[in-house]
Amino acid sequence: MDIESVGRQISRLRREKGLTQAELGERLSVTFQAVSKWERAETLPDTSILVELAEVLETTVDNILRGGSRKSPYKRRTSVDELRRGLRCLDEMGRLLGRDTQLYLAAVEGINSAMNTEIRDAFTDSHIFEVFVAEAAIQSITAGAYIDPTDVKNGIENERLRGIILEKCAEYGIK
C-alpha cells in the first residue's frame, strides 16, 4: 500500500463529491486537519472509519487503500467449465446456423488455420476436446485471465494437460 496514492485517492474522491475537507471530516466525526493529513500522506485514516469513509465517498475500502488502482492484475476470471462451454458454443453455432454456412465455416477455418488442427474433431472425441480446453486455458492465462489452480486440478482429467496448465499458472503468478 502506497500512502501517497491513498492520500491522492481520498482527495480526488472528496473533490468529485464536491466536499470540503471540513465537510468530509464532519461526516466522519474527525477534524478537517485529520482529512488534510490523510490527503498529504502524513497519516492514514483509522481502520475504524474506513468503511464509513468509503460509503461517504461512494467507493470501496479496497479502492481507497489501493489508491484507485485496479483491484486485480488480471483482466478477467475464467473457469474450466466456462472454457468448455465456450468451445461447445462453436459446435452449437454449427448446429444452429448450419455446418455449411459461411459464418460457421469461417470460424472453424480460422481456428484450424491458426492452430494447425481440426477443431471439429473435438466435438466427437472427448480426449481431443480436453486438449482444446487445455489450450483455451493456456491462451486465456497468457492473455491476462485468472483461472483458479484448484479448478484446474478438479476440472482437467488428463494429468499431463493439468500439469501444463498449472505450470502456466505458476509462470503468470497465479496461486
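Could you please let me know if ARG162 is within 16 Å of VAL80 (Cα to Cα) and of a type in the set (Lys, Arg)? Judged against the criteria, ARG162 is a match. If the condition is being of a type in the set (Lys, Arg) and either outside the structural domain of THR59 (by TED's automatic domain parsing) or more than 15 Å from ILE64 (Cα to Cα) (or both), then region 7-36 contributes only ARG27.
Does ILE156 satisfy being buried (at least 18 other Cβ atoms within 10 Å of the Cβ) and at pLDDT 95 or above?
Working: buried (at least 18 other Cβ atoms within 10 Å of the Cβ): yes; at pLDDT 95 or above: yes.
Yes, satisfied.
Going through ALA106, ALA145, ALA136 one at a time, which residue ends up being more than 30 Å from ASP62 (Cα to Cα) and surrounded by 13 or more Cβ atoms within 10 Å (Cβ to Cβ)? Lay out the reasoning, then the answer.
Details: ALA106 fails: surrounded by 13 or more Cβ atoms within 10 Å (Cβ to Cβ); ALA145 fails: more than 30 Å from ASP62 (Cα to Cα).
So the residue among ALA106, ALA145, ALA136 that is more than 30 Å from ASP62 (Cα to Cα) and surrounded by 13 or more Cβ atoms within 10 Å (Cβ to Cβ) is ALA136.
Scanning region 1-14 for residues that are in contact (Cβ under 8 Å) with a residue 40 or more places away in the chain and of a type in the set (S, T, N, Q) yields SER5, GLN9.
In the set SER48, SER113, only one residue is of a type in the set (Ser, Thr, Tyr), exposed (fewer than 12 other Cβ atoms within 10 Å of the Cβ) and within 30 Å of PHE129 (Cβ to Cβ); that residue is SER113.
Wholly within region 15-130, which helices (runs of 4 or more DSSP H) include no fewer than the required count, namely at least 1 residues that are in contact (Cβ under 8 Å) with a residue 60 or more places away in the chain?
Working: elements: 21-28, 32-39, 50-56, 61-65, 80-97, 102-115.
Where helices (runs of 4 or more DSSP H) fall fully within region 15-130 and carry at least 1 residues being in contact (Cβ under 8 Å) with a residue 60 or more places away in the chain, they are 61-65, 80-97.
The values are calculated or read from the model by the stated rules, or taken from the named source; none is laboratory data. What you see is a predicted model; the values in this text were computed from it and never measured. Because the Cβ atoms are built from the backbone with ideal geometry, glycine has one as well, and the counts that use them run over all protein chains shown.
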